[in-house]
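Right, one structure below, let's go through it.
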Amino acid sequence: MTSRNSSNGNIRRSRAAAAFAGVVASVILATAACGSGGQTSPAAAPAAPKAQQPAIPQTQRTLTIKDLYEQGRHSVFQIVGRVPGGSVTGTGFVVDRGRGMALTNAHVVSDMTAIKAYFPDGGQYSLHVMAQDPCSDLAIVHFADALDANVTQVSLGTAAGLQVGDAVTTLGFPGAAATSAESSPRPTIATGMIQANKAVVTGGDDLPQYVNTIQHNATINPGNSGGPLYDAHGKVVGVNSLSTSSSQAQGLFYSISIDRVKDKLAALEGGNSENDAGWTLKPLSSFTFSDLLPELAMGSSAQGAWVDRAVRTGALKGLVVTGTTPGGSADQGGLQPLDVVQTVQDQPVHSVAEACDVIESVMPGSQVRVSYLRFPGLTRRVSEFTFQGTHQGSGAAPEGGTGHGMEHGPAGKPSPGPDAPMPPGHM
């Protein structure tokens, strides 16, 4: 989960066995001539040689928890950045030291500006988002400066052979954000075991569906999102992404399988953002009227009172645009922060997962039709824009942050559509 200063509704892979070949000793019986009479007698059998156990390959050694901690603290770091209304923390880990690239969850860095990385040994770096796939909840971030000599990259394993009961370990940075090298964060470590391999997990209205996930009981706390899940040999087998609780089950923790990550990694490391419409969406149900329209006092108008009631009761549904990427698909279509998206390709969208289902079916270069409401007048608008789908990242750190957030570029021209204010009570 991402650690935020405001609550987030529901917040983003071990095998400990080695096979040994048995060695079977042969006993050789020999006969030797004895004396001048030509009689023979059996010679004493030599002692069987002692079987030699093969050495365990270094890559297959089972690491202690202390070993894992010492290994991870040189490649895992805390992510700290600003978002509208406060600060956000998360976790990332170095996947390509030479090119200065690290992996984290897209939900950690979306909307984030002025991003910093803090390592446990005091190293700190500026980061920018190089590429992301919001529908897979994965992002590649790039370090602005060369990494210190003691920074290492993780070793990626595979989740293909993981079995229920195999040991796994999480490493991350829950809790308060680091603010300087003198307040270097200390990672926390938690151990557990594989409970299940899940094909699909739904994270809630503000997260996509997670495909190819690992369920385990190694704790993922707020701030752990984007951190590594290790197997017993120190290989990364997952990206820690989600924890859920319900009246039926408490403390279910999920990591995206590293094999799913590998499917996306080449494109992301190449600076290509996939399934990215250039917007960040949050469900309307997580907002209050004062969040959406802070310049007006609650109940100051009939419309204001209706909006507040409709949001709280769920009568008004949709996804709030919390940020746009300058030059991205949504920005070119004229969408702005605080617009409320109600349909995409004429299909109602009330959750991020529903929006991703539609977006993932749209081919790059195709037209996307979006209907939305705009405050303060709650005018209903329709916009059509070209879906870039996969686009090349900037490759350089934008001035002052990632380019995400409440700031947005010049608005495009929405296509003709209804543009009349919604009367109170209209849904």
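Please enumerate the residues belonging to region 161-175 that are in contact with a helix residue (DSSP H, G or I) (Cβ under 6 Å, 6 or more places away or on another chain) and within 14 Å of Q215 (Cα to Cα).
Passing the criteria: only T169.
Answer yes or no as to whether D331 is assigned to a helix (DSSP H, G or I), within 25 Å of C356 (Cβ to Cβ), in contact with a strand residue (DSSP E or B) (Cβ under 9 Å, 6 or more places away or on another chain) and modelled with pLDDT under 85.
no
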* Structure fact -> Subset of region 141-158, residues assigned to a strand (DSSP E or B) and either at pLDDT below 95 or of a type in the set (D, E) (or both), comes to none
* Structure fact -> Here the residues within region 349-365 that are out of contact with any Ser or Thr (no Cβ under 9 Å at 6 or more places or on another chain) and exposed (fewer than 13 other Cβ atoms within 10 Å of the Cβ) are S361, M363
* Taking region 313-328 as the region of interest, how many residues are farther than 19 Å from T379 by Cα and in contact with a strand residue (DSSP E or B) (Cβ under 8 Å, 6 or more places away or on another chain)? -> 4
* To do: Search region 313-328 for residues that are farther than 19 Å from Q388 by Cα and pair each with any residue that is of a type in the set (D, E) when their beta-carbon atoms are under 6 Å apart and the residues are at least 6 apart or on different chains.
  => T322/D111
* Asked: Which residue, of V382, V341, V370, is surrounded by fewer than 20 Cβ atoms within 10 Å (Cβ to Cβ), hydrophobic (A, V, I, L, M, F, W, C), modelled with pLDDT of 90 or more and not in a loop (DSSP other than H, G, I, E, B)?
  -> V382
* **Checking A176 against (1) modelled with pLDDT under 85; (2) assigned to a strand (DSSP E or B), the condition it does not meet** => (2)
* To do: For A297, work out the one condition from (1) modelled with pLDDT of 85 or more; (2) under 26 Å from G86 (Cα atoms); (3) over 27 Å from the mean Cα position of the chain (by Cα) it doesn't fulfil.
  => (1)
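Listed here are the residues, each with its yes/no results for (1) crowded, with 24+ Cβ neighbours inside 10 Å; (2) at positive phi; (3) in contact with a helix residue (DSSP H, G or I) (Cβ under 8 Å, 6 or more places away or on another chain).
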site: G234; (1), (2), (3): no, yes, yes
site: V237; (1), (2), (3): yes, no, yes
site: I256; (1), (2), (3): yes, no, no
site: R260; (1), (2), (3): no, no, no
site: G271; (1), (2), (3): no, yes, no
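The values are calculated or read from the model by the stated rules, or taken from the named source; none is laboratory data. Everything quoted here is computed from the prediction, not taken from an experiment. Heads up, the Cβs are rebuilt from the backbone with ideal geometry, glycines too, and the neighbour counts pull from every protein chain shown.
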